[in-house]
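Take a look at the structure set out below.
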Amino acid sequence: MFWLDFISTGFSMSDAETVAALKALAHETRWRMIELLLGSSLCVGALAKDLGITEAAASQHLQILRRAGLVRGEKRGYWTHYQVQRQELKRLGGELAELPDRASGLRDLNAELCSGSDRGNSQTGAQ
């Protein structure tokens with residue numbers, strides 16, 4: 001089903017990864033986590049304390065960031081320290097920077113759908 005969604009929507013795998021990463025970053029707590037982790041690698045307890053949330057909540061947010069490929073954990077003794085995947089963050093920034101240029105290659109939906117020449121025909125099925 002997942003692959004069929006890509007085919008039907010026209011999204012590439014990179015588009016899907018970008019959307020997933022943006023969704024992960026859209027939450028204020030996860031955005032703040034990324035900011036903290038850009039400074040240094042931290043364990044769940046340190047992140048939770050600094051953000052004023054429970055360790056369970058911090059773990060849930062980190063899981064979302066991990067699934068999006070934005071952070072990774074490294075076991076250090078008993079604790080797992082998390083750090084930002086800087087290359088993925090840079091890739092995401094590059095995707096956003098290229099977005100305005102991508103629009104030039106898109107077809108003109110306004111001309112196709114909103115022109116007066118075939119008004120009503122495609123919407124109502126009348127011929």
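The values are calculated or read from the model by the stated rules, or taken from the named source; none is laboratory data. All figures in this text were calculated on a predicted structure; none of them were measured in a lab. A quick note on method: Cβ atoms are made from the backbone with ideal geometry, for glycine too, and the neighbour counts reach across all protein chains shown.
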Checklist line | Matching entry among Q83, Q87 (being touching a residue at least 24 places away in the same chain (Cβ under 8 Å) and either of a type in the set (S, T, N, Q) or in contact with a Ser or Thr (Cβ under 6 Å, 6 or more places away or on another chain) (or both)) | finding: Q83
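Given the options A97, A126, name the one that is small (G, A, S) and modelled with pLDDT under 75. Walk me through it before giving the result.
Details: A97 fails: modelled with pLDDT under 75.
Just one listed residue meets the conditions, A126.
Condition check ((1) within 21 Å of L96 (Cβ to Cβ); (2) in a helix (DSSP H, G or I); (3) in contact with a Ser or Thr (Cβ under 7 Å, 6 or more places away or on another chain)) across all residues:
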{"residue": "K23", "(1), (2), (3)": "yes, yes, no"}
{"residue": "W31", "(1), (2), (3)": "yes, yes, no"}
{"residue": "L37", "(1), (2), (3)": "yes, yes, no"}
{"residue": "L47", "(1), (2), (3)": "no, yes, no"}
{"residue": "D50", "(1), (2), (3)": "no, yes, no"}
{"residue": "I53", "(1), (2), (3)": "no, no, yes"}
{"residue": "A56", "(1), (2), (3)": "no, yes, no"}
{"residue": "L65", "(1), (2), (3)": "yes, yes, no"}
Next item on the list: Could you check G77 against (1) exposed (fewer than 15 other Cβ atoms within 10 Å of the Cβ); (2) modelled with pLDDT of 95 or more and say which number it fails?
Entry: (2)
Notebook entry, point to check: Are any of the residues in region 55-66 in contact with a helix residue (DSSP H, G or I) (Cβ under 7 Å, 6 or more places away or on another chain), charged (D, E, K, R) and modelled with pLDDT of 95 or more?
Noted result: yes
